[in-house]
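All remarks here apply to the structure that follows.
The values are calculated or read from the model by the stated rules, or taken from the named source; none is laboratory data. No experiment lies behind these values; they were computed from the predicted model shown. When we count neighbours, we look across all protein chains shown, and the Cβ atoms used for this are built from the backbone with ideal geometry, even at glycine.
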Amino acid sequence: MRLLCAAGIVGMLFMLAAAACGGDGPPPRTPEQRGVDSAPAVTALQAGSFDEATRHAAAALALDPRNGQAAAVRAIAGYQIAGKTLIHEIGKILEDSDALRALDHAAGRAAWQSFIDRLDAVDRDLAVVAADKDFALELCIACWEHDWNHSGEVDDRDRKLFELELDGVGGELPEGDARRRPTFRFDTGDADWARAMLAFQRAAVQLILAYKWSELDRLWAGDVERIVIRVDDKRRVQRARELILAGVDFADRCRASYLAETDDDREWVPNPRQASHPIPLAVDGELYATWAAVTRDVRHLLRGDEGISMREVAALGDDDTRALFPDAYVDVGRMLREPSDIVIELKDVSEDPRSIERVLKGVLGKGYATKMKPSPLVGRLNAMKQQLDRGEDTMDRKLRYLLWLN
């Protein structure tokens, strides 16, 4: 009996200890408390002090890991630091390669891997932002005093980098106009917009890391007939496909969130009913419908339900170019599901249809298909091109907005 009692007491103590160590973390704080906790981080971010903003945001998140405002600050600052670090590291590698006449591929892979690790952390913070229904953040991006061009000082080019130049009615905003440096009020929908953008960038980095680019060093020697870029990690290519699909899902989520908004306060991306948006690019229902159609098209491409017609793409140039391309398709879905080596033919390449077909087959590998359902995405792009050719500058603005929307 004593043994049973002792065992029961030990078991109870074990469960209490496990609950204390393995729970969900500290209890959530009120929106007011979260605002106070994250205020130093927000102030530092608004001043462009990214390292300081990161430290203060981490302190606020230690008090409440679900603090969306602090998570947003750390995500924005972390993204800037990640990009700055990558540019510095790649620049150093390229500088050294001029002397060595060959790239340090190991150092390059390490730099890209560090970059994507940082982007993964940024995405985790953005997930916290998207889940915080009370999230809001006011930020003037153009007000940051930061050496963006890495010249060693903050100069006029740095200060004008994020300024708005056009007034939206065909004119240019004068120097010093306050509208050049607007303050946006970001909300949860903008978090999904950022996650979509980030997913596409993370996918691109996965593709960079998936292949062995050392074969390109042979170009230094000259007189190379063929370059074969080997797949080093097929799983990374497949992961890139997953990330692009996730980005499309985030784009659909943020579009639905924008359309559901009833406020109207300095919107990063407005819906057709909102008038308060500092960026002078008006939107309407047609633009949102096109946005939905494009994400639908991309999703079907990634699933392999549809393919990109090579001749339709070539026709975006002119009819003569179209005649040079084979009646074939790019099977994007299969190319990412079943990655193969990239073969680049360099010998006897000409503007002959057979030569072009040979080059395309080498580059696309299993993504080269002779029969597929054509994707309407190319047709949508062609319709936009025709409107731009007719000088419909309102469509020009909408096209720029659509590209910005992901």
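Side notes on the structure shown:
- Set side by side, the residues 252, 233, 192, 223 differ, and just one is surrounded by fewer than 15 Cβ atoms within 10 Å (Cβ to Cβ) and farther than 19 Å from residue 113 by Cα, which is 223.
- Within the range 149-159, the set of residues being surrounded by fewer than 16 Cβ atoms within 10 Å (Cβ to Cβ), on the phi < 0 side of the Ramachandran plot and either in contact (Cβ under 8 Å) with a residue 12 or more places away in the chain or in a loop (DSSP other than H, G, I, E, B) (or both) comprises 149, 151, 153, 154, 155.
- Of the residues making up the range 227-247, those that are assigned to a helix (DSSP H, G or I) and either aromatic (Phe, Trp, Tyr) or touching a Phe, Trp or Tyr at 6+ places or on another chain (Cβ under 9 Å) (or both) number 5.
- The set of residues in the range 187-208 being touching a helix residue (DSSP H, G or I) at 6+ places or on another chain (Cβ under 7 Å) and either farther than 30 Å from residue 231 by Cβ or outside any helix (DSSP H, G or I) (or both) consists of 188, 189, 191, 192, 193, 194.
For (1) among the basic types (Lys, Arg); (2) closer than 30 Å to residue 340 by Cβ; (3) modelled with pLDDT of 95 or more, each residue gets a yes or a no:
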| position | (1), (2), (3) |
| --- | --- |
| 114 | no, yes, yes |
| 141 | no, no, no |
| 170 | no, no, no |
| 200 | no, yes, yes |
| 222 | no, yes, no |
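- Only one of the numbered conditions (1) modelled with pLDDT of 90 or more; (2) over 29 Å from residue 208 (Cα atoms) is violated by residue 321, and that is (1).
- All of 313, 294, 359 fail the test of being within 27 Å of residue 206 (Cα to Cα), in contact with a strand residue (DSSP E or B) (Cβ under 6 Å, 6 or more places away or on another chain), among the hydrophobic types (A, V, I, L, M, F, W, C) and in a helix (DSSP H, G or I), apart from 359.
- Residue in the range 184-191 that is touching a strand residue (DSSP E or B) at 6+ places or on another chain (Cβ under 6 Å), more than 30 Å from residue 241 (Cα to Cα), at pLDDT 85 or above and not aromatic (Phe, Trp, Tyr) present: yes
- Qualifying residue in the range 170-177 (condition: outside any helix (DSSP H, G or I) and among the hydrophobic types (A, V, I, L, M, F, W, C)): yes
- Among the residues making up the range 269-290, those that are of a type in the set (A, V, I, L, M, F, W, C), closer than 20 Å to residue 187 by Cα and in contact (Cβ under 8 Å) with a residue 60 or more places away in the chain are 269, 279, 281, 282, 283.
- Residue 262 meets each of the listed conditions (1) touching a strand residue (DSSP E or B) at 6+ places or on another chain (Cβ under 7 Å); (2) of a type in the set (Val, Ile, Thr); (3) surrounded by fewer than 17 Cβ atoms within 10 Å (Cβ to Cβ) apart from (1).
- Search result, residues across the range 279-291 that are touching a helix residue (DSSP H, G or I) at 6+ places or on another chain (Cβ under 7 Å) and either outside any helix (DSSP H, G or I) or among the β-branched types (Val, Ile, Thr) (or both): 281, 283, 290
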